[in-house]
Every structure is written in structure tokens, then in C-alpha cells.
Amino acid sequence: MIEIKLQKALNGPEGPMMLSLDIAIDKGKLVTLYGPSGAGKTSTLRILSGLLKPDNGYIAVDGRIWLDTAKGIDLKPQERGIGYVFQDYALFPHLTIRQNLEFGLKKSQPREVVSELIHIMELENIQDRKPNTLSGGQQQRVALARALVQRPKLLLLDEPLSALDFGIRLKLQNYLQEVHKTYGLTTVLISHDIGEILKLSDWTFKLHHGKVIQQGNPTDVFTQSSLSGKFKFKGEVIQIQQEDVVFVVSVLIQNELVKIVAQESEVKELSIGDTVIVASKAFNPIIYKIK
Amino acid sequence: MKFRRFSVSLLLLAVLACRPSTEVKLTIAVAANMQYAISEIVEAFTNKTEIQCNLIIGSSGKLTAQIKEGAPYDVFLSANMKYPMELFDDGLTTAPPKVYANGGLVLWTQSDQIVPSLTSLTNKDVKHIALANPEIAPYGRASIQVLRNLDLHDTLVEKLVYAESISQTNQFISTGVAQIGFTAKSVVLSPDLKGKGKWKTLDPKYYDPVQQGIVLTRRNENRDNSPQRFFDFIFSEEARKILEKYGYSMDE
Amino acid sequence: MNWDPLILTFKLALVTTALLFLVSLPLAYWLTYTKSKFKPIAETLVSMPLVLPPTVLGFYFLIAFSPNNFFGNWLDQTFGIQLVFSFWGLVLASMIYSLPFMVHPLQSGLSGLPNSLKEASYVMGKSRFQTLVKVLLPNIKSSLLTGIVLAFAHTIGEFGVVLMIGGSIPGSTKVASIAIYEEVEALNYTAANTYSLVLFAITFGILLLVYLSNGGYLKRFLK
């Protein structure tokens, strides 16, 4: 159980704002922070890790107090024993992959921890290479492996998958799910991808302008908002094909490719790569149970 | 652009406005130790002849090198005879140099605790003794001769600090980084420094005279006789009085 | 040919560079990461030797080191140290004179590194010092090299300050640049030329080596 109460005045992209949270995270859960950029998600992770000091706050992890500004307690990042995967991965460029992992070893830890992680994350073939020779997905895997070397109880991930393309993202989601279970972690993930959140997380906090505006089971959180309106999805134009008199536009909506029939006049303004909204007014949805 | 043109014309205006009414006729290169006396001599010379003079003050070595490279000096007043002699040997002067005065050497201190004298040099309060570099400055050579002639050189060698010119020697002494030092008598008698610190004249028998030499360069040799008139003036009774006031002596 | 001034020059440059590195590293680190309001003042002070003529520095050293003044007197009374006309005085003066040449490359190297490298190391339990030595420094190698070489070269080329506070004492403050100046003043052009050529050749060699290794040429060359 992690209790987090904090206040911190921040300078967001839209001017000053107050990050003000009072949340609790159950042990062993994978929770996500969701919200527009500038909502305070990264700052929350940084405060949790000790890299950023809140103006006021109280953080207790399994009964142990990490931060209590009223009592002047503030554990350094070094003392909190967390795993942190940075948005830019923060791999050390001068070390090989294996050395990057070994960097995190505590004195008391056996070196086998590193070999084990290399095995689990399938890094054997690249372990002697330097980070800048790796693809984004490979670097991501290394960053995740490195964050686990010290066997943290709490794993923090700052939008680690956003820069990767779709196929690799799926694969990494699986890795993440696997290590989360294997190591009995409590994981806090920042994500913008609703599909990812639905797939991975047990609980979601929706942040806006420094406050939690909604929290709960991700299915509840995300379906609720779509219930209010008609069916409406944002997607990206992948392909435009002419078939007889009509056009078929392929749109990628989250992970699904959807084909939509369109008139020539509608297609004229579209080109590949455009972000579009696919909406339907008169529509009769059918529902299937998948789980 | 407009602004630049404006500032250029402003500059021109300033230059024109500052132009002296009579043109500078004579450029005199003069060794640093002579700078105080020479301004007074030049003033007297200009009053008498209405010939304007321009003074270039530097170390004798630097001025010699500049003349060798064609610097536009008409008269050269050196603090020794060696350099002007070299210029003569190179065919750059109208005649061999002539001695017009001998410089006096003094010990000068700014410290209240020290009474300037040759015996005070061994005093433990004296940590550094400033002198001009004997290799390049005539007063430095004279200073070393004094120390050697009195068998003081080897005892004091650890205390000696060398300045690149007589001006820098004065700097070392006046800021107190060197407690005492050898400098030209003309310095301590100059209006600026008169009464600052204490000094003692050293007996000329301990060192070769610091001969001040004058030569006329071959530049504009046939232009007019103003260099020659200055040359004559410096040997006149009037100039002699000024030189004596600044501690220089003449050969009789 | 008297080699002392040349040997002294390299000794001065070596000692100055080594001590300057030890001073500049914490200073550059502080300047990079501080949010103190004194930072602009500190940065300006560090850059001052770039714009001030050496004579100004020399003049102030002369005043400061003089036993007539508080600082010089205090050093003399307390530690028996006299900085004027001494090798260590030249070292101190050279350190201040070359300060920006060491601090600037280090600072720009450090601020060029992503903050997350440092933070990743903290999160993995490493102290600030361990992080500096094991993560930050290995990733600014070329900045380190640039700073060290610039400070070294700048100290070798130093003249104005040394002239003003050195006193040209053989073996202790008469460095090559002073020796060259004096030979030129004494119209001994041959000796001046010899010193200059040796100085030129050695510094050319050092700088060339740096440019080669920084460009990766050295590695290819040695293979």
C-alpha cells in the first residue's frame, strides 16, 4: 500500500498550476496515470522517486515513511530503492548493455541477477553493444531490465512505450506484464494510449491540471466518457483506395484498422497521415463478451 | 547604414577639429628614464624654435628594434651607447652617437622601516630587491656593477628580482612588492614621485656611467634642419640646467 | 642554449592545469546545476579573465600580493607564504588567468548531458560523487580534453601577468615567454628564435595530438 499526499506549485506549459494529489495505490497493482501533457504526471513520478521535492507532502510505502514534510523526513532517491524507466531511457552511453545493468548492482547482490535479467528480457545477443547502436525497442528493454536490477518493490515508468512503433510496443507490453507478475512489483505507468492502459493496468488515475479528476478500473474510466456521446474515434489515415465509384479509406484507430467508405468529395481533402475523426450517428452497436 | 555614414562623418569632423594648428615636425624617440626631463626640454625647445615635437617613450632596446624596422623617428635618445652605436654601424644614423648626459643611480624604498643604503640590502626585512634586467636595461647593468664591486652580489642573489625596464622597476618598488630597488635618479626627482618614499644616491665610482646618447636618424635627412637644431639644443646651457635638475650630470 | 625557461614553462603549465582541474570541476558542476541567484554573478566572474587585459590582472595581483596590503601580509604572517616573485605566485595567477578556459568546456559538457543520466544513477543508489566520476565524466571526455589542453596551452602562452609579477628569476619565474621577450629586447634574435621554435614545435605537437584524438584519427592511426 502506497499513500501519497502532496502539493507542489509547478510551472506548466499553460502557466503556473498546483499539483495536488491524495491517492493510494494497492500493493502489487499496476496503475496508470493518464492525462494531457502538463497535467503533472511526470512530476508525480519524480516526487515519488525523490528527484523532485514537493512543497508539502507525505509518502508512505508499506508503512515506511519516505517523505513527511511536516516532520522534515525526505529520503533521498538513493535510499528509496525504486526502479525508474525514463522517457528517454537514460542509458549510459559509455557502458555496454551488460555494464549498464551491472551499474545498478548493490554490493551485496550476486552478479547472476544481471544474467537472469538479460535472459528474461532476451538481451543475450546485444549485451556487449553500446546503447547508441540499438533500436528504440531494444533500448527500452535494456532500460526496463536495468530498472529491475536492484529488485525494487516499486517500478515507475514514464511513458516508456510512446516512442515505439506498434508491433514492438505490443511485445514490450508483454514483457512488462511478465516482469510485473514475476517480481511482484507495484508499478506506476504513465501512458497516453488507452488500448495499452486497458490491456495492462488494474487501476487508472485520470489527471487534469494537477488534480485527479477520475479514478477507477480502466474499463470504467474510459467507457464512461464514451457513453456520453455518440461513437466517435480518432485515427490516422493509412491508405486511400478507389473502388469503382467510391473510395475506401483505411484508418488506424488505436490498434485496429478500420475501412470506411467515402465519397470523392470527402476524400479530396484527405491525405495519408492525416489525423481524422471517425464518427457514426445512426448506429446500432453489437456487443460481444471477450473475457 | 545611415547611422554608420553619420558616425563616419562625425568621426571625420572630430579628427579635423582636433588637428593641431601647426604640424608636428619632429618625432623624438626617448628612453623611459629620460621621460620626465625630456618633456621639459622639449617645451623649452618649442618655445624657442616653434618646432613642434612628438615624443615616443619606450625602452632603448624596443626603440632600437623599431628604428631598424623603419619606424619614423627623427631623433633617438638612448639610455646607453650600445644601441645607437649599432644603428650607426647599420648605416641608419647620420653620425655616431654622442653622450649628452650621464644618469645617476639611486636606491629607493617606500618602506618606513628601511633606511636606503647599501648596507640595508642585507637587512632581513628586505625580502626582494628590484632592479632592471641587466641584460637589456642600462640602469640594470649599472645596478649589478654596484653589487659586484662591493661583493654583495652573491649574498643577495636570492633577493634579486628583475624588471623588464626601469619603469617596471619603479612599479615593483612603488607598490611595495619589492622593499627596495635600484632606479634612475631622474625618477625620484620627477614631479610625480618627488617626496614619495626615501632614496639615496649611489657613488658613481661603483658603476660605469649610464651614458645617455643622442643620434639623428637618416630619415628625412635632407628635409630641413630641425633635427640638427634639437641636437644642438640638448647641448645648450638651457637644456643642461634642466638635465641637472633631474639628477643627470655632464662630462666636463 | 639554456633549457631552464622552457622546462619551467612546462612545469608551470602542468602544475597549473592539474590544480585548475581540481578547482574547476566542482565549480563547473555547481554552475551547471545550481539554481542560486548568484549564478550569473559567478559566471561573469569566471569569464572576466577572458576580457580583462593581462596587465589589469597583473596589476591587481601585484597589489594583492604586496606585503603592504592585507592579503599579502596575512599570507606572509600566517603561512610564511610570499606569492610575489615566486613560482607558486605564478601558479595562482595562471590558475585565475586560465580559469574560463577550463571551466567553460567542463560546464558546457555537463550541461549538454541529459539530466536523466544523473537521475538514473541516483535512483540506482549512487551518490553524487559516484555519479560524477562514473557517469558524468566518462561522457564528457572530449570536453575534459578540451578544457585541459586549452588551460595548458593558455598557460604556456601567458606573458603579461608573468611579466608583471614574476620578476624574471632564473629557475623560478623566468619562463620561456619572458626569456624570449628579454632576448628580443637585448637584440639577441638568434636565441629568441631558438626558444620560439622549440616552443612552437612542442605546442604544435600537443595541439595536433589533441585534434587527432578528438577527431578519432588517433584510433585509426594506431590500429
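The values are calculated or read from the model by the stated rules, or taken from the named source; none is laboratory data. Remember, predicted model here, so these are calculated numbers, not experimental data. Every residue, glycine among them, receives a Cβ derived from its backbone with ideal geometry; neighbour counts consider all protein chains shown. Only protein heavy atoms, including side chains, enter the accessible area calculation; ligands, DNA and RNA are left aside. Shrake-Rupley method; radii C 1.70, N 1.55, O 1.52, S 1.80 Å.
Structure notes:
- Where the Cα pairs of region C:75-122 fall when distances are cut into 5 Å bins, in %: 5, 17, 13, 13, 11, 10, 9, 8, 9, 4
- Helical runs assigned H by DSSP (4 residues or longer) give chain C a calculated mean residue ellipticity at 222 nm of -24000 deg cm²/dmol, each run adding -39500 (n - 2.57) before division by the residue total.
- Solvent exposure of region C:128-210 amounts to 42 Å² per residue of accessible area, where only protein heavy atoms count and the probe is 1.4 Å.
- Over all orientations, region B:105-201 has a Cα convex hull whose mean projected area works out to 5.4 square nanometres.
- Average beta-carbon neighbours from other chains, 10 Å sphere, peptide C:161-168: 5
- Summary value for region C:57-97: 28 percent relative contact order, contacts being C-alpha pairs under 8 angstrom separated by 6+ residues.
- Ordering C:His154, A:His119, C:His104, B:His128 by accessible surface, largest first, gives A:His119, C:His104, C:His154, B:His128; the 1.4 Å probe counts only protein heavy atoms, with every chain in place.
- Each 5 Å bin from 0 upward holds the following percent of the Cα-Cα pairs of region A:1-147: 2, 9, 16, 17, 16, 15, 13, 9, 4, 1.
- Overall dimensions of region A:102-163 as given by Cα atoms, namely Rg and Dmax in Å: 11.9, 35
- Debye equation applied to the C-alpha atoms of region C:4-222, log10 I(q)/I(0) at 0.10, 0.13 Å⁻¹: -0.54, -0.86
- Calculated diffusion of region B:176-252, Stokes-Einstein form, Kirkwood radius summed over Cα pairs, 4 °C and 1.567 mPa s, µm²/s: 84 µm²/s
- Region A:231-280: equivalent-ellipsoid semi-axes (sqrt of 5 x gyration tensor eigenvalues, Cα, Å): 17, 11, 10
- Unit charges at the beta carbon, dipole of region C:4-222: most positive-side option, C:Phe87, C:Leu212, C:Leu75: C:Leu212
- Trypsin sites (Lys or Arg not before Pro) restricted to region B:103-157 and DSSP loop, no more than 13 other C-beta within 10 Å: B:Lys124
- Rg over Rh [alpha-carbon atoms, Kirkwood Rh] for region C:1-108: 1.02
- P(r) tail fraction, the protein assembly as shown - alpha-carbon pairs more than 33 Å apart, %: 68 percent
- Counts of other chain beta carbons within 10 angstrom of each beta carbon in peptide C:124-131 average 5.
- DSSP loop GluC sites (Glu not before Pro) with at most 16 other Cβ within 10 Å: longest gap in chain A: A:123-268
- Using a Gaussian network model of chain C in which every pair of alpha carbons under 10 angstrom is joined by a spring, one finds that among C:Phe61, C:Phe200, C:Phe152 the greatest mean-square fluctuation is at C:Phe200.
- Hydrodynamic radius by Kirkwood, which averages 1/r over all alpha carbon pairs of chain B, in angstrom: 19.6 Å
- Anchor A:Lys27: aspartates and glutamates whose Cα lies under 17 Å away (excluding residues fewer than 8 positions away in-chain): A:Glu3, A:Asp62, A:Glu178, A:Asp202
- Every helix of 4 or more DSSP H residues in chain A counts as -39500 (n - 2.57), and over all residues that averages to -7500 deg cm²/dmol at 222 nm.
- To the nearest ten degrees, helix A:218-227 and the longest principal axis of the Cα atoms of chain A are 30 degrees apart.
- Antiparallel %, DSSP beta bridges [both residues in the protein assembly as shown], to 5: 70 percent
- For the residues of A:82-93, the average number of beta carbons from a partner chain within 10 Å of their own beta carbon is 5.
- Charge tally in the Cβ shell below 12 Å around A:Asp88, where Lys, Arg are +1 and Asp, Glu are -1, A:Asp88 excluded: -3
- Restricting the calculation to Cα atoms, every distinct pair contributes to the Kirkwood radius of region A:18-74, found to be 12.4 Å.
- Distance between the 7 Å Cα→Cβ label points at B:Ser117 and B:Thr46: 4.5 nm.
- Computed over neighbours whose Cβ is under 14 Å from that of A:Thr42, the net charge equals -1, Lys and Arg +1, Asp and Glu -1.
- In terms of its Cα atoms, chain A spans 71, 47, 40 Å along the principal axes, sorted from long to short.
- Candidate membrane-span-like segments in chain B, meaning DSSP H helices with Cα atoms spread over at least 20 Å of their own axis and a Kyte-Doolittle mean of 1.0 or above, are B:2-18, with no membrane implied.
- Label-to-label distance, nm, for residues given as A:Lys53 and C:Thr190 (7 Å Cα→Cβ offset): 7.0 nm
- Helical segments meeting 24 Å axial Cα length and Kyte-Doolittle -0.5 threshold in chain C (DSSP H): C:4-33, C:87-111, C:189-214
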